[in-house]
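Heads up, the thing below is written out as structure tokens.
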Amino acid sequence: MAFHTPPEVLLRSVIRTLRSSSAQNFVKQECAGRRFYRAAVCTKIGDPLQVQDVPLPDKVPDGKVLIAGHAAGINFADILTVQGKYQVRPRTPFVPGAELAGRVADFGAGVEGFKKGDRVISIPGGMNAFGEFCLVDAHMVFPAPDTLTLVECAGAIISYATAMLALSRTAQLKEGETVLITAAAGATGLAAADIARNVFRAQVIGVCGGADKCALLRERGVQHTIDYHTEEIRDRVKKITDGNGVDVVMDQVGGNIFTDCLKSVAFEGRVVTVGYASGDIPKVPVNQVLLKSCSIRGVWWGNYATRNPQVFIQSITDVLAAFSQGKLRPHIGRTFSLEEVNAAFDFILNRQSTGKVVLKMRDE
Ligand SMILES: NC(=O)c1ccc[n+]([C@@H]2O[C@H](COP(=O)([O-])OP(=O)(O)OC[C@H]3O[C@@H](n4cnc5c(N)ncnc54)[C@H](OP(=O)(O)O)[C@@H]3O)[C@@H](O)[C@H]2O)c1
């Protein structure tokens, strides 16, 4: 199996440590001197994930941290990756999962600032989070905010940092402006609504499918909701904004919804394209851009890790600071066990989820 750390390299030093620490219970199985943990493995693109035993690394490499994962957030991109529909196409077998929270089990030489048992939150470079252990570059490990449970932490980085980057740098949202957010009850949408309301003090119009999702948005402090199953986005935006349109659009859905939002933007408004949950990449009527003197910009948060690491890390530290100050709080719609990972994917694909869906590997 093509894991980042070769399976034949075993974790003797970690095992010695684990035996003498409260982390002892983290290691699930021993077989002929080898130690294994459970992980959800993609063995063939398009097939259901298989929960299998995966060998622990023998030694934690220099600059790396071994995290005993308590919970991992599921992102739409994980599902697309397993289906072979994402812009990044890893070779099988691989363990998906791009964010987790847990405790430091061990670390390699050169790692400073952590001790065993620390509560941490991490993004392990796009995969490997859906397992009971995860080996991560130390610079991608952050102290978990005390204000959040580890389950909440598991859903705290990708959606929130994406939304922070999209609203601050890309859209240049300002206090008092109005922002229209689509799939607003989803993970990224709800994060954007939280940040727009509680960091930028903006007016939020949340667009989503269904009365229950609209009710959740209002509970979370969203001032206006539009149920796109029963209401016309353009008509409702006109009424809410006295015909002016919204200053900013943040769209996660694509297709006709994107076009309706584009037509709902104000003079010199800013439209940010973040995702295509509908599976439909919209064709833009550019005359609308001319007529409104508006701009359309895209954002791919993960790409900033290599293209502009400073901005990338800043988006993370900004949201972690806001969590620690109690300004923001992720909504965890539902948790599933690791064994239920395929059911969790279906739950998201069937549009039943709200906020973040999290896999729970062990209790805090
Ligand atoms: N650019 C970036 O850096 C970045 C970062 C994170 C996420 N994204 C993208 O943003 C989008 C949303 O991600 P998320 O994590 O917020 O997902 P999510 O929590 O699963 O929310 C997706 C929502 O999209 C709506 N939707 C509309 N049409 C759909 C369809 N045909 N199938 C499924 N859902 C549909 C559903 O809400 P309703 O029922 O309310 O319509 C659904 O709940 C994805 O495309 C993801 O790849 C991009």
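Read-outs: derived from the displayed coordinates by stated rules, not from any lab. Every value quoted in this text rests on a predicted model; they were computed, and no experiment measured them. Cβ coordinates were reconstructed from backbone atoms using ideal geometry, including for glycine residues, and neighbour counts include every protein chain displayed.
Applying the criteria of a DSSP loop state and at most 15 other Cβ atoms within 10 Å to the trypsin sites (Lys or Arg not before Pro) of segment 182-214 yields R201. Within the chain, DSSP assigns beta bridges of which about 55% are antiparallel (rounded to the nearest 5).
Note on K85: lysines with a C-alpha under 20 Å away, same-chain residues under 8 apart excluded, are K44, K283.
Across the chain, the relative contact order, built from alpha-carbon pairs under 8 Å that are at least six residues apart, equals 16 percent.
If the cut-off is 21 Å between C-alpha atoms, which lysines fall inside it for K115, apart from same-chain ones fewer than 8 positions away? Straight-distance partners of K115: K59, K64.
About its Cα centre, the dipole of the chain is roughly 340 debye, where the only charges are +1 on Lys and Arg Cβ and -1 on Asp and Glu Cβ. Put a dot 7 Å past the Cα of E112, heading toward its Cβ, do the same for Q325, and the two dots end up 2.8 nm apart. Taking 27 Å as the straight-line reach from the Cα of K327, the lysines in range (excluding those fewer than 8 positions away in the same chain) are K174, K213, K356, K360.
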